[in-house]
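I have placed the structure first, in the form of structure tokens, so that the comments after it can refer back to it.
The values are calculated or read from the model by the stated rules, or taken from the named source; none is laboratory data. The model shown is predicted, which means the values in this text are computed figures rather than measured ones. Here the Cβ positions follow ideal geometry from the backbone for every residue, glycine too, while neighbour counts run over all protein chains shown. Surface areas here come from the heavy atoms of the whole protein model, side chains and all, with no ligands, DNA or RNA. Shrake-Rupley method; radii C 1.70, N 1.55, O 1.52, S 1.80 Å.
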Amino acid sequence: MIKPKVGFMAVSCPTHVKATTETGEKWVDESLIDQLLDSLKGYNLEVMEYKNLIDSVSSSLEAVDKFKREDVDCMVVYIATWNWASQIMQAAREFGRPIILWALPRPSAWSIGGLAVTHGSFDEVGIPHRVVYGFPDEPEVKQQIVRYANAARVAAILKKSIYGSIGGQGMGIHTGIVDANQWLKDFGIGIGFTDQYTVVVEAEKMPKPEVEKVYKQLKEEYGEVPPLDEITERSIRLYLALEKIIEKEGYNFTGVKCTFDLSDNYCTACLAQSRLATRGFVSACLNDANAALTMYIMRQLTDEPIFMADVNLVDKKNRIVRLIDDGAGSINLAANPKKVRLSYQPRLEAKASGVCTGLICKPGEVTLARLARVKGRYVMQIARGEAFEGQKEWLRECGYPMWPHAFIHFKGDIDAFIQNLRSEYIHMAYGDLKDQLVEVCRVLEIEPIIT
């Protein structure tokens, strides 16, 4: 995980920089500034400091120029005393990145007034920011700052990312189609396009020794692997081709249509996307761009494996959600990789077949999330649960026991969860990411829907 990079400036109004109160206390306690800097570094943040106290428009603009050169993700503005918002308004607007306004509850500083007027002034002109009020040793203060800084880091990463759209619309799903211009406007993400035929051409160019090398790795890692026949060889070739295309085109995350073009005429992309997921690369089934973006955001918040799956069943009585993917899943989703089985895709689903992954997701706390649009505006459903191994007979109930399964004890409003499902897919990551995802939504101006 990359540390968020933050810029730090301390602000006071011109009349208070060197002044004292009527009781003899300094308005600006400079020792506190050093303590706050040490605290931010202790939060595991990379901190860039503007050393002079901000007391004018020119000094705030100078600080912002420095932070932009250093490419910080966000800026912490410490409101040391009552201050004049006009001193930093132009600089904050010029900064154009998330800002934390932080003040301490010190009666001699009157800083909550400066915090409030700056907060209100930012809202007047639409400058994105978060208000933090409290001392650095308070757990909620640390959580608020770290979460917002991480959310700012995610936003900064998106602005430098390219989505690789491989193939067209999959299975008529409108919830996976996106407007490239909207993504560029809302998130700063670029979209590149690659035809599936290119993948096949590259796959057939792969040298046989490279295929055999990957096959040997599969035999070492998985509990069961089919023979190196035409189906298995094509599945490996497809994986190697996608790796080459991703590197050549500079894609940071992708979607692959697969069904039914590749799956009927060459092979499915399940093994390829399973292998990509194992190395932490996000690639969505059916070229579902909103699925890919959901997982890509989650990937920036955790190193734990992420699972893209259909919602197969919601058992309201027992509060159990069953998730099943059509054949792709990281080997790291399983408690024991040696129990993960590679087998052939059913030809009813894929006329050319392909190698698919079979596993049960390991027990543990999980977060579920999914981006969608309502009348063109993005929302994100966020939910939590506890994965468990389930009953073996459940694997057969969906008709496809050879595919990856997750069984989840749902936490939250299960009826609201159903009402807010806007895709057959949901995305599962291990750990509690709820609050972090809500903070990302705040920065990206997405409406979070907590179920």
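Hey, what number do you get for the chain at 222 nm if only DSSP H runs of n ≥ 4 count, each worth -39500 (n - 2.57), divided across all residues, to the nearest 500?
Rounded to the nearest 500, it is -11500 deg cm²/dmol.
Specify, per residue and in Å³, the volume enclosed by the convex hull of the alpha carbon atoms belonging to segment 336-428.
Hull volume normalised by residue count: 135 Å³.
Please say if segment 268-364 is rounded, prolate or oblate, where rounded means a/c under 1.5 for a ≥ b ≥ c the square roots of the C-alpha gyration tensor eigenvalues, and otherwise the choice is prolate for a/b larger than b/c and oblate otherwise?
rounded
Please get the size of the charge dipole for the chain, origin at its Cα centre, with Cβ charges of +1 on Lys and Arg and -1 on Asp and Glu, quoted in debye to the nearest 20.
Charge dipole, the chain, about its Cα centre: 580 debye, nearest 20.
Between PRO4, ILE449, LEU104, whose Cα lies farthest towards the positive end of the dipole of the chain when Lys and Arg beta carbons carry +1 and Asp and Glu beta carbons carry -1, centred on the Cα centre?
Result: ILE449.
Tell me the net charge near ASP415. Cut-off is 14 Å between Cβ atoms, ASP415 excluded, with +1 for each Lys or Arg and -1 for each Asp or Glu.
Charge balance near ASP415 sits at +2.
Quick one: check the C-alpha center-to-center distance for segment 176-248 versus segment 362-410, whole angstrom.
Rounded to whole Å, the Cα centres lie 25 Å apart.
Can you give the net charge of the other residues whose Cβ lies under 11 Å from the Cβ of THR451, counting K and R as +1 and D and E as -1?
Charge balance near THR451 sits at +2.
How many angstrom lie between the Cα centre of segment 71-117 and the Cα centre of segment 269-286?
So the two Cα centres are separated by 43 Å.
In the chain, if the dipole is taken from +1 on Lys/Arg beta carbons and -1 on Asp/Glu beta carbons about the Cα centre, which of ILE157, VAL47, ALA350 is farthest to the positive end?
Positive-most Cα among the choices belongs to ALA350.
How much accessible surface area, in Å² rounded to 10, belongs to the heavy atoms of TRP82 with a 1.4 Å probe?
Roughly 90 Å² of TRP82 is accessible to a 1.4 Å probe.
Evaluate E = 1/(1 + (r/R0)^6) for GLN391 and ALA335, where r is the Cβ-Cβ distance and R0 equals 22 Å; express this FRET efficiency to the nearest 0.05.
In this case the efficiency is close to 0.90.
Relative to the compact globular guide of 2.2 N^0.38 Å, what is the alpha carbon radius of gyration of segment 118-173, as a ratio?
1.80
Where does segment 22-89 land on the Kirkwood hydrodynamic radius, alpha-carbon pairs, in angstrom?
13.4 Å
Output needed: Cys residues of the chain lacking any neighbouring Cys C-beta below 4.7 Å, sorted by number.
CYS13, CYS74, CYS258, CYS267, CYS285, CYS361, CYS398, CYS441
So the label point goes 7 Å from the Cα of GLU22 along Cα→C-beta, right? Which residues of segment 97-141 then have their backbone N under 17 Å from it?
From segment 97-141, the list is 107-110.
Using alpha-carbon pairs under 8 Å, 6+ residues apart, how would you state the relative contact order of the chain in percent?
It rounds to 13 percent for the chain.
Write down Rg/Rh for segment 1-159, rounded to two decimals, with Rg from the C-alpha atoms and Rh from the Kirkwood relation over Cα pairs.
0.94
Just to verify a number: FRET efficiency for ARG93 and ASP38, C-beta to C-beta distance, R0 = 45 Å, to 0.05?
That pair, ARG93 with ASP38, gives E of 0.90.
Using a 1.4 angstrom probe and counting only protein chains, how large is the accessible area of GLU230 in Å², to 10?
Its accessible surface works out to 120 Å², give or take rounding.
Tell me the net charge near ALA352. Cut-off is 11 Å between Cβ atoms, ALA352 excluded, with +1 for each Lys or Arg and -1 for each Asp or Glu.
-1
Run the reach check for LYS68 against lysines, Cα to Cα strictly under 26 Å, same-chain hits fewer than 8 apart removed. What comes back?
LYS3, LYS5, LYS41, LYS51, LYS142, LYS159, LYS160, LYS185
Tell me which residues come under 5 Å, amide H to amide H, from ASN287 once H is placed; ignore anything under 5 positions away on its chain.
For ASN287, whose amide H was placed from the backbone, the distant partners under 5 Å are VAL256, LYS257.
For the chain, state what percent of all Cα-Cα pairs lands in each successive 10 Å bin, counting from 0 Å until the bin that includes the largest distance.
Percent of pairs per bin, in order: 4, 20, 26, 21, 14, 9, 4, 1, 0.
Of ALA92, LEU368, ALA116, which is farthest on the positive side of the dipole of the chain, counting Cα position, with +1 on Lys and Arg Cβ, -1 on Asp and Glu Cβ, and the Cα centre as origin?
LEU368
Which of the lysines could be linked to LYS392 by a straight reach, that is with a Cα gap under 22 Å, when you skip same-chain ones fewer than 8 residues away?
Cross-link targets: LYS316, LYS317, LYS338, LYS339, LYS362.
Please give the charge dipole size of segment 184-264, origin at the Cα centre, charges +1 on K and R Cβ atoms and -1 on D and E Cβ atoms. Round to the nearest 20 debye.
220 debye
Straight distance only, please: which lysines reach the Cα of LYS205 with their own Cα at less than 26 Å, same-chain residues fewer than 8 apart left out?
Those lysines meeting the cut-off are LYS213, LYS216, LYS219, LYS244, LYS248, LYS257, LYS351.
Based on the alpha-carbon gyration tensor of segment 391-451 and its eigenvalue square roots a ≥ b ≥ c, which shape applies: rounded if a/c is under 1.5, prolate if not and a/b is larger than b/c, or oblate?
Prolate, because a/c is 1.5 or more and a/b exceeds b/c.
Please report, in debye to the nearest 20, how large the charge dipole of segment 290-404 is about its Cα centre when each Lys and Arg carries +1 at its beta carbon and each Asp and Glu carries -1 there.
I would put it at about 280 debye.
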